[in-house]
Number of protein chains: 2
Amino acid sequence: METYSDRNSLATTLRDRRQRLAQLLDAPVMLWSGQRSPRNFPANPFPFRASSHFLYFAGLPLENAAIYLKDGKLELFMDEAPPGSILWHGEMPKPEEIAGIIGADAAFPLSELPPRAPGAATIAVQDVITYLQQAQILNRRVAPANATEGIDRDLAIAIATLRLCHDGGALSELRQAAAVTVEAHKAGMRATKSAQLEAAVRGAMAEVIIAHNMMDAYGGIVTVHGEVLHNEQYHHLLQPGDLLLVDVGAETEMGWASDVTRTWPVTGKFSATQRDLYDVVLAAHDACIDKVRPGVEYGDIHLLAAATMTQGLVDLGILRGQVSDLVEMDAHALFFPHGIGHLLGLDVHDMEDLGDLAGYEDGRTRSDRFGWCYLRLNRPLQPGMLVTIEPGFYQVPAILQDSECRANYKDVVNWERLAQFSDVRGIRIEDDVLVTEQGSEVLTAALPTAAEAIAELVLSGGNLL
Amino acid sequence: METYSDRNSLATTLRDRRQRLAQLLDAPVMLWSGQRSPRNFPANPFPFRASSHFLYFAGLPLENAAIYLKDGKLELFMDEAPPGSILWHGEMPKPEEIAGIIGADAAFPLSELPPRAPGAATIAVQDVITYLQQAQILNRRVAPANATEGIDRDLAIAIATLRLCHDGGALSELRQAAAVTVEAHKAGMRATKSAQLEAAVRGAMAEVIIAHNMMDAYGGIVTVHGEVLHNEQYHHLLQPGDLLLVDVGAETEMGWASDVTRTWPVTGKFSATQRDLYDVVLAAHDACIDKVRPGVEYGDIHLLAAATMTQGLVDLGILRGQVSDLVEMDAHALFFPHGIGHLLGLDVHDMEDLGDLAGYEDGRTRSDRFGWCYLRLNRPLQPGMLVTIEPGFYQVPAILQDSECRANYKDVVNWERLAQFSDVRGIRIEDDVLVTEQGSEVLTAALPTAAEAIAELVLSGGNLL
């Protein structure tokens, strides 16, 4: 792992993080990394993914390990590899060596954890086996991460406070993830002309991510059916006239994510109607990014996306009325039913394991309004926050064919005009935007958004078949 | 999913399987598919992998479903997608539709399972949440799959009997997995000359697998440190003089696996010592494949691999003595510590979740002998069995530097001569071999094994960087 050679900076980053944690929380903290989940049999597990909270304070994806944080000190708990494992897995670094790399004060076997347990706060991990061990070792109930209680809730609040704003160590990883994601999208665009299936474009993108020793940060979306928001099928044929919606992001070895969406015509050529709607989405994307700066409410950015899209749809004759009235009645949500974006960090929806604790300012809760219920972030922006900006336009049959929906919005939608745009099922444009002291920086800016530039990249791919 | 269009053949295959099961077992059977395991938060899970036993009788990778088999009849239990899911996941086929495709007699919601539970046999799934549900619904203890008891053990034996020998439906899938795996290896060879990291070769292979809408059947090995048998790190630089050991296999959407290893020089050119040892491994590979036919004991094939490799090592002056004596004292295991192969099917080590129940003939148990303890299959071969043949030569420091080992074998190893082969850390050559009525068929025969042909493929890759 590359960070092994970079031990001073890793150890320094981790020390700073736990010292800041100690300022926010008196209780000692015990965090587990988790274990591999078996796939079809125990010796054939899914790839290991350490708990993000563990990664934040321990830096390395150590399997079946725990850390104990107290007063800014760090102790590492993990067992040495069993003697037979050297044949199958090679020589592993000893726990003491790893402790040195991450700047831990000491290393102990896992059997030494229970004496530290009294009074320790924790966050529930995702794998069930380790979750059961957490409760057993702490000798108390551990609530699921999205419903923390008592000192665990205090810990969750403190961790959310820290993880909301990224430090230099985090940004270095996040920039790497963004750079590889940009290259993957370019490869996907270039692969499209010769691809027959969605899967072929996905394969070309996976090659780039895997070649950089990274992996997918989430189940990628590579689909001609962009109207299905989390479409994870890749078997459709690419047909002339289709738009391909591609939402794929890389994750570094240390767990830091990127999250990018582009939408391009499979032939490289937008139809006039596709181009019109693409530019509506792009206008919202650009306006929202322009607005990102410290102190701005993320909810206001969502509102700006709604208003910008609504204006564009009015201009195209798809919606009728005053923009402010239309947004007030959630007419935009007919076509843009999700939120403008979310936090990004060690998780693609950062800290979503904690429910809305990280995403929503204390005292705020999710709206149940049609256009707002999927907004995952509702806080004033601060320097160091990394957010996605991802407006989209979709023709979702379950919304647009719903009789109640059609009745509610019958006066404001020009259904005949809308029908002329039937070659657009889904368009989304998403970038990763860092809030800086001065304003913002788009970490994924190297990937073009303009329709002409996208088309050029697609057309530059040879027809290899 | 392609099989959806091929419903007659799928339904027929599944009917035959459950009718044969009914001939072997009186008890009704309840099998669960399992659920996704969360990765870093619940909405970001690992890819779904249905339980292999479920897949065998239900054909499709249905999430959170169960089947009930009785007297050759099939009932499907799954819930309709909740109303809100259509926005995120699109329109899903209704349970009744799926029942039609797989030839089930009826479909019910999961809430209808408990009345069927009394007297039903089952096999424990891998994901813990579903495993707990199995015990709850059956209202009894369910032992882990590798330690089945009572009627569950009867079921495991019956399923092993069926799954040991592949039917036409299985073979069609296994051939697809093999064909894509062959293409992936060729792509890996061609990508090597321009690759800097192991990861880049892995990326080129993943592109092929993903482009065919398949996935890795197991955590692939792409390593210049072949002496670590299950090396899952990909960050090493490819250096002139290195051999790259690549063990990667594709799995079809329906869950059927391939498992192939090749070893090639990163420059395309074997050194004389590499070539000598490559040919020793290849001789064992070829001799073992020649021996595969119905009635032959798989253990005898392992013995043949040991003898052939030993003869080769004697010829090279690395071992000294009579081949039969050397094999008797497990001298081959110094360099070939694993077994000659294993069953292959829905799992890359087929049915390994059942422990050795499928791999070992009734009444046989694992040897604890050095050269035999990792042999995963010990049965007479039957038509329809698919096995791997995968001899290897490794210089494992943990074995060759072990003082007890060196003392035990001091008279039979020429350590000075061995030192001349220090540019070989690991070589393995693995193919997927089907036992036929007449003898055998290598499903992965389209991928060359001869050193010249391998070298040619590597050299045919352009130096793209």
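Is it the case that A:GLY339 is small (Gly, Ala, Ser), assigned to a loop (DSSP other than H, G, I, E, B), within 29 Å of A:ALA450 (Cβ to Cβ) and assigned by TED's automatic domain parsing to the domain that holds A:ARG275? It is true that A:GLY339 is small (Gly, Ala, Ser), assigned to a loop (DSSP other than H, G, I, E, B), within 29 Å of A:ALA450 (Cβ to Cβ) and assigned by TED's automatic domain parsing to the domain that holds A:ARG275.
Restricted to the stretch A:224-240, and to residues there that are touching a residue at least 60 places away in the same chain (Cβ under 8 Å) and among the hydrophobic types (A, V, I, L, M, F, W, C), the residue that is farthest from the other protein chains (Cβ to nearest Cβ) is A:VAL224. In this structure, does B:ALA305 turn out to be surrounded by fewer than 19 Cβ atoms within 10 Å (Cβ to Cβ) and either among the small types (Gly, Ala, Ser) or assigned to a loop (DSSP other than H, G, I, E, B) (or both)? Criteria not met by B:ALA305.
Sub-6 Å Cβ pairs linking a first residue in the stretch B:303-330 that is in the same structural domain as B:PHE393 (by TED's automatic domain parsing) to a second residue that is part of a helix (DSSP H, G or I) and among the acidic types (Asp, Glu), at least 6 apart or interchain, are B:LEU316/B:ASP276, ordered by first then second residue. Kindly check whether there is at least one residue in the stretch A:269-287 that is more than 8 Å from chain B (Cβ to nearest Cβ) and farther than 29 Å from A:ALA307 by Cβ. Taking every residue of the stretch A:269-287 in turn, at least one turns out to be more than 8 Å from chain B (Cβ to nearest Cβ) and farther than 29 Å from A:ALA307 by Cβ. Looking across the stretch B:195-235 at every residue that is polar (S, T, N, Q) and assigned to a loop (DSSP other than H, G, I, E, B), the one that is nearest to B:ILE399 (Cα to Cα) is identified as B:ASN231. Taking B:PRO383 as the residue in question, decide whether it is without any contact (Cβ under 8 Å) to a residue 24 or more places away in the chain, assigned to a loop (DSSP other than H, G, I, E, B) and not hydrophobic (A, V, I, L, M, F, W, C). Answer is no for this residue. The condition of being more than 14 Å from chain A (Cβ to nearest Cβ) and over 30 Å from B:GLU352 (Cβ atoms) holds for only one of B:PRO95, B:PRO83, that being B:PRO95.
Considering A:VAL224, A:VAL128, A:VAL182, A:VAL142, the condition of being touching a Lys or Arg at 6+ places or on another chain (Cβ under 8 Å) and of a type in the set (Val, Ile, Thr) is satisfied by A:VAL224 alone. Among all positions in the stretch B:99-122, there is no residue which is out of contact with any His (no Cβ under 7 Å at 6 or more places or on another chain), within 14 Å of chain A (Cβ to nearest Cβ) and at negative phi. A:VAL182 falls short of the stated requirement of being within 12 Å of chain B (Cβ to nearest Cβ), within 30 Å of B:HIS212 (Cα to Cα), in a helix (DSSP H, G or I) and not basic (Lys, Arg). A count restricted to the stretch B:407-438 and to residues that are in a loop (DSSP other than H, G, I, E, B), buried (at least 16 other Cβ atoms within 10 Å of the Cβ) and touching a Pro at 6+ places or on another chain (Cβ under 8 Å) stands at 1. Within this structure, B:GLN401 fails the test of being at pLDDT 95 or above and outside the structural domain of B:GLU149 (by TED's automatic domain parsing). Scanning for something within 19 Å of the chain's Cα centre (by Cα) and either without any contact (Cβ under 8 Å) to a residue 40 or more places away in the chain or more than 21 Å from B:ASN44 (Cα to Cα) (or both), does the stretch A:191-202 turn up at least one residue? No, the stretch A:191-202 contains no residue that is within 19 Å of the chain's Cα centre (by Cα) and either without any contact (Cβ under 8 Å) to a residue 40 or more places away in the chain or more than 21 Å from B:ASN44 (Cα to Cα) (or both).
Look at A:ILE318 and say whether it is within 19 Å of A:GLY384 (Cα to Cα), more than 14 Å from every other protein chain (Cβ to nearest Cβ) and β-branched (Val, Ile, Thr). The answer is no for A:ILE318. Among residues of the stretch A:343-357 being within 15 Å of A:GLY384 (Cα to Cα) and within 11 Å of chain B (Cβ to nearest Cβ), the one that is surrounded by the fewest Cβ atoms within 10 Å (Cβ to Cβ) is A:GLY345. Of all residues in the stretch A:186-214, those that are touching a helix residue (DSSP H, G or I) at 6+ places or on another chain (Cβ under 7 Å) and either more than 10 Å from every other protein chain (Cβ to nearest Cβ) or hydroxyl-bearing (Ser, Thr, Tyr) (or both) total 6. Right, B:ARG175: within 14 Å of another protein chain (Cβ to nearest Cβ), under 20 Å from B:ALA217 (Cβ atoms), part of a helix (DSSP H, G or I) and within 18 Å of the chain's Cα centre (by Cα) or not? Considered against the rule, which asks whether it is within 14 Å of another protein chain (Cβ to nearest Cβ), under 20 Å from B:ALA217 (Cβ atoms), part of a helix (DSSP H, G or I) and within 18 Å of the chain's Cα centre (by Cα), B:ARG175 comes out as no.
Per this entry, B:SER422 is not counted among residues that are free of Cβ contacts under 8 Å to residues at least 12 places away in the same chain and either within 14 Å of chain A (Cβ to nearest Cβ) or out of contact with any Lys or Arg (no Cβ under 9 Å at 6 or more places or on another chain) (or both).
Might you check whether a residue that is more than 20 Å from A:ASP247 (Cα to Cα), aliphatic (A, V, I, L, M) and part of a loop (DSSP other than H, G, I, E, B) occurs anywhere in the stretch A:444-452? No, there is no match, as no residue in the stretch A:444-452 is more than 20 Å from A:ASP247 (Cα to Cα), aliphatic (A, V, I, L, M) and part of a loop (DSSP other than H, G, I, E, B).
Where residues in the stretch A:282-341 are within 26 Å of the chain's Cα centre (by Cα) and acidic (Asp, Glu), which of them is farthest from A:ASN408 (Cα to Cα)? Here the residue is A:ASP290.
The rows are residues; the columns are (1) more than 19 Å from B:HIS342 (Cα to Cα); (2) out of contact with any strand residue (DSSP E or B) (no Cβ under 7 Å at 6 or more places or on another chain); (3) touching a residue at least 24 places away in the same chain (Cβ under 8 Å).
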position: B:ALA257; (1), (2), (3): no, no, yes
position: B:ASP279; (1), (2), (3): yes, yes, yes
position: B:ALA287; (1), (2), (3): no, yes, no
position: B:ARG293; (1), (2), (3): no, no, yes
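The criterion of at least 3 residues that are surrounded by fewer than 21 Cβ atoms within 10 Å (Cβ to Cβ) and modelled with pLDDT under 95 is met by the following helices (runs of 4 or more DSSP H) wholly inside the stretch B:38-137: B:85-89.
Residue by residue, here is whether (1) assigned by TED's automatic domain parsing to the domain that holds B:ILE123; (2) on the phi > 0 side of the Ramachandran plot; (3) surrounded by fewer than 22 Cβ atoms within 10 Å (Cβ to Cβ); (4) of a type in the set (Val, Ile, Thr) holds:
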| residue | (1), (2), (3), (4) |
| --- | --- |
| B:ASN139 | yes, yes, yes, no |
| B:PRO144 | yes, no, yes, no |
| B:ASP154 | yes, no, yes, no |
| B:ALA177 | no, no, no, no |
| B:GLU183 | no, no, yes, no |
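Screening A:ARG364 against (1) modelled with pLDDT under 95; (2) in contact with a helix residue (DSSP H, G or I) (Cβ under 9 Å, 6 or more places away or on another chain) leaves a single unmet condition, (1). Please verify whether A:THR449 is crowded, with 22+ Cβ neighbours inside 10 Å and either more than 21 Å from A:ALA184 (Cβ to Cβ) or assigned by TED's automatic domain parsing to the domain that holds A:THR261 (or both), treating the condition exactly as stated. No. Restricting A:LEU31, A:LEU62 to those that are out of contact with any strand residue (DSSP E or B) (no Cβ under 7 Å at 6 or more places or on another chain) and closer than 20 Å to A:THR13 by Cα reduces the list to A:LEU62.
The values are calculated or read from the model by the stated rules, or taken from the named source; none is laboratory data. All of these numbers come straight from a predicted model, not from anything done at the bench. Cβ coordinates were reconstructed from backbone atoms using ideal geometry, including for glycine residues, and neighbour counts include every protein chain displayed.
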